[in-house]
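No value in this document is a laboratory result; all are computed from the given coordinates. Here the structure is a predicted model, which means the values were calculated and not measured. FYI the Cβ positions are ideal-geometry reconstructions off the backbone, even for glycines, and counts take in every protein chain you see.
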């Protein structure tokens with residue numbers, strides 16, 4: 001299973017929900033969403049900055065995309081970006097193989 005990082009924001013509707021229930025544990029909601037599609041939530045954190053939260057989960061991209069679609073459709077979340085953990089060494093190995101054979105335009 002791959003590891004993914006989902007960064008996102010609450011909408012005005014989401015913040016209204018927090019004002020009504022300041023003790024709401026959104027990590028449980030994130031865990032329920034992950035488990036519904038067979039993914040495993042590793043952690044959930046509130047953030048200060050450009051994003052309001054980050055969820056880390058193991059699964060595949062289709063599971064993450066499904067979580068994004070369903071949770072954004074609720075109207076309480078938006079701007080969810082899903083990032084996949086990769087090995088930069090594997091990427092560099094592939095880039096080195098390509099660099100040996102690839103010729104750019106006009107070269």
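Name the residue that is surrounded by the most Cβ atoms within 10 Å (Cβ to Cβ), counting only residues in region 68-107 that are under 14 Å from residue 33 (Cβ atoms) and in contact with a strand residue (DSSP E or B) (Cβ under 7 Å, 6 or more places away or on another chain).
77
How about region 12-70: which of its residues are without any contact (Cβ under 8 Å) to a residue 40 or more places away in the chain, in contact with a helix residue (DSSP H, G or I) (Cβ under 9 Å, 6 or more places away or on another chain), closer than 17 Å to residue 84 by Cα and part of a helix (DSSP H, G or I)?
34, 63, 66 - these are the residues of region 12-70 that are without any contact (Cβ under 8 Å) to a residue 40 or more places away in the chain, in contact with a helix residue (DSSP H, G or I) (Cβ under 9 Å, 6 or more places away or on another chain), closer than 17 Å to residue 84 by Cα and part of a helix (DSSP H, G or I).
When you scan region 71-96, how many residues do you find that are closer than 20 Å to residue 16 by Cα and either touching a residue at least 24 places away in the same chain (Cβ under 8 Å) or in a helix (DSSP H, G or I) (or both)?
9
I need a count of the residues in region 1-11 that are within 18 Å of residue 84 (Cα to Cα) and buried (at least 17 other Cβ atoms within 10 Å of the Cβ).
Here the count works out to 4.
Could you list all residues from region 31-50 that are within 22 Å of residue 13 (Cα to Cα) and surrounded by fewer than 17 Cβ atoms within 10 Å (Cβ to Cβ)?
Hits for region 31-50 are 32, 45, 46, 47, 48, 49, 50.
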